[in-house]
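Worksheet: the structure to be examined is printed underneath.
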Amino acid sequence: MKKISKQDVEHVARLAELQFRDQEAEKFTQQLDKILDHVAKISSADTEDIKPTSHVLDIQNVYREDEPRESLSQKEALKNGPDIMDNGFKVPKID
């Protein structure tokens, strides 16, 4: 049974300001119908005993504690800069 019609595809295309040839609209209708069939198949899976997750891997926060510490001096920060001017990085002008 078709879940989406060619008229649905043409309507969405019109809303999105897309233009398709008749042959393309027919092709997209078939493809979207297959996608919706697949989504329906996935939705029918029994997931009642599956715990919700936000990630497929069991990962944990890897950030370090935010502790204040000594920062670079201006001289150290600028020492590898390609071009220095007035105690800052000199960059090309953007027009």
Counting pairs on different chains as well as pairs 8 or more places apart, how many Lys pairs in the chain have Cα atoms under 15 Å apart? 10
Give the accessible surface of the chain per residue, rounded to a whole number of Å², with probe radius 1.4 Å and ligands, DNA and RNA excluded. 104
Fraction of accessible area attributable to carbon and sulfur, the chain (%, probe 1.4 Å): 53
Highest mean packing first, using Cβ neighbours within 10 angstrom, the peptides 77-83, 45-51 sort as 77-83, 45-51
Degrees between helix 22-43 axis and first principal axis of the chain (Cα, 0 to 90, nearest 10): 80
What do you get for Rg/Rh of region 1-90 when both radii come from the Cα atoms and Rh is the Kirkwood radius? 1.40
If every Lys and Arg gets +1 and every Asp and Glu gets -1 at its Cβ, then about the Cα centre the chain yields a dipole, in debye to the nearest 20, of 320
Can you give the calculated 222 nm mean residue ellipticity of the chain, where each DSSP H run of n ≥ 4 adds -39,500 (n - 2.57) and the sum is split over every residue, rounded to the nearest 500 deg cm²/dmol? -12000 deg cm²/dmol
Can you find, among Q7, T53, N87, the residue sitting farthest towards the positive end of the charge dipole of the chain, where Lys and Arg contribute +1 and Asp and Glu -1 at Cβ? Q7
Between the helical axis of 6-15 and the dominant principal axis of the chain, each derived from Cα atoms, what acute angle in degrees is found, rounded to the nearest 10? 30
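The values are calculated or read from the model by the stated rules, or taken from the named source; none is laboratory data. This one's a predicted model, so the numbers in the text were calculated from it and none came from an experiment. So basically every Cβ, Gly included, is an ideal-geometry build from the backbone, and we count neighbours across all protein chains shown. Calculation scope for accessible area: heavy atoms of the full protein, side chains included, ligands and nucleic acids excluded. Shrake-Rupley method; radii C 1.70, N 1.55, O 1.52, S 1.80 Å.
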